[in-house]
Amino acid sequence: MDPTVIESMESRLRELPGLARAKETVRRFIASESPVHAVLLYGAEGAGKTALAREITRYWLGAGNERYQ
């Protein structure tokens, strides 16, 4: 994986408020590059689940593809 893609994702994760445990899980599966076929995000309304889901999607669909950066 291109280190600039990983750093970009890390930067975006730092900007998201809250969801510390969820963000740590995302960091682990990105670092391991192991196949992940699903992620379940749950929590209170307004906790940032949608924003985190968008970042995960951006990473999965666009890692190395500037169209999704």
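Points worth noting:
- Extension gain, Leu41 back to Arg58 (0.36 nm per residue minus Cα-Cα distance, nm): 4.5 nm
- Surface share of carbon and sulfur [accessible, 1.4 angstrom probe, percent] for the chain: 53
- Sequence-separation-based contact order of the chain, relative, with Cα cut under 8 Å and 6+ spacing, percent: 37
- With the highest mean first, a sort of the peptides 28-39, 3-14 on other beta-carbon atoms found within 10 angstrom per residue produces 3-14, 28-39.
- Choice from Ala44, Ala53, Ala20 showing the highest fluctuation, given a GNM over the chain with Cα pairs closer than 10 Å: Ala44
- In order along region 24-32, phi translates into HN-Hα couplings of 5, 4, 4, 4, 5, 6, 6, 5, 7 Hz, rounded to whole numbers, per the Karplus curve 6.51 cos²θ - 1.76 cosθ + 1.60 with θ = phi - 60° and x for Gly and Pro.
The values are calculated or read from the model by the stated rules, or taken from the named source; none is laboratory data. Since the model is a prediction, treat every value here as computed from it, not as a measurement. Methodologically, a virtual Cβ is constructed for each residue, glycine included, from the backbone with ideal geometry; neighbour enumeration extends over all protein chains shown. The area values use the complete protein model at the heavy-atom level, side chains included, leaving out ligands, DNA and RNA. Shrake-Rupley method; radii C 1.70, N 1.55, O 1.52, S 1.80 Å.
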